[in-house]
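The values are calculated or read from the model by the stated rules, or taken from the named source; none is laboratory data. In this text the structure is predicted, and so the values were computed from the model without any measurement. Cβ placement follows ideal geometry from the backbone for every residue including glycine, while neighbour counts extend to all protein chains displayed.
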Amino acid sequence: MTECGCDWQVCYHDSGDYLNSSYRCLGHTDQKQGKICYHPELLKVLMRVGFKVGGESDIKYLVLQVHYMKKLGPDYSGIAIESTVEPMEKTASTLLMVTGGVLPPNKKETFETACIVDEDVEMHPFALRPHTHRHGVSVAAWVVREQPDGTDKWQLIGERDPLLPQMFQPVNDTSIVIRQGDMIASRCVMVNKENKAFAMGNTGEDEMCNYYMMYWVYGDNVLKDNTCYSPGAPEYHWASEAGLNNIPPAK
């Protein structure tokens, strides 16, 4: 289940194929919750932060996506939401890092994206959720800062096998603070042992390289641009397109 925040009225449906299509917001989308499953340690954090919706925020509607492997009988899926009109000390949001690209047949490939934080924010990452389809081996994200000698220093935010049960898990180091001018980089490692290529896409027959990073800020100054995208392999790699160096080896 994925709960999205939208600034336009609910969503539309792409086609009549309910098993291989996607629902999307008509306007801006904010992945407020991602998969509705949390590591127990995260519940302690979530009790002290809130996601701002309604009012003067960009989020006017909440939309719940429910994904199934196959068509089922009566649907009783759902979530419970606790809300308050009182201001909270901390506001949470989610940064989605995602790539396009094509995974070639019979090959190991990396799908990378990197974005500079150009807004005046102080982000405290506390949860992550990687997502690929069946070819994913490892998904990770780092904060990258250039040192005086020109060498990039990579600080791991978190890494996970994307084929493990889908849930938000704690980041490696909750003391990390991401500020304006820092770069956030994510990478999916995939291995294709099949004799056909797979494009990044939304259906079960495609592949995906997604990294959801949940973070909190003091007050309510969260990122306005909450998506970091690259065209992915073979067109985009960190070294050639982003000019990064001292890159951690891929597993």
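Observations on the model:
- When Leu96 is tested against the conditions (1) in a loop (DSSP other than H, G, I, E, B); (2) buried (at least 17 other Cβ atoms within 10 Å of the Cβ); (3) in contact (Cβ under 8 Å) with a residue 60 or more places away in the chain, the lone failure is (1).
- Any hit, segment 165-187, residues being among the β-branched types (Val, Ile, Thr), over 20 Å from Ala140 (Cα atoms) and in contact (Cβ under 8 Å) with a residue 24 or more places away in the chain: no
- Screening Cys228 with (1) closer than 27 Å to Val121 by Cβ; (2) of a type in the set (A, V, I, L, M, F, W, C); (3) over 15 Å from the mean Cα position of the chain (by Cα) gives one miss only, at (3).
- Filter result (touching a Leu at 6+ places or on another chain (Cβ under 6 Å) and either assigned to a strand (DSSP E or B) or loosely packed, with under 13 Cβ neighbours inside 10 Å (or both)) within segment 213-251: Met213, Thr227
One line per residue, one yes/no per condition, for (1) crowded, with 17+ Cβ neighbours inside 10 Å; (2) at pLDDT 50 or above; (3) assigned to a strand (DSSP E or B):
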residue: Gly5; (1), (2), (3): yes, yes, yes
residue: Ser21; (1), (2), (3): no, no, no
residue: Leu42; (1), (2), (3): yes, yes, no
residue: Gly54; (1), (2), (3): no, yes, no
residue: His67; (1), (2), (3): no, yes, no
residue: Leu72; (1), (2), (3): no, yes, no
residue: Ile79; (1), (2), (3): no, yes, no
residue: Thr84; (1), (2), (3): no, yes, no
residue: Met88; (1), (2), (3): no, yes, no
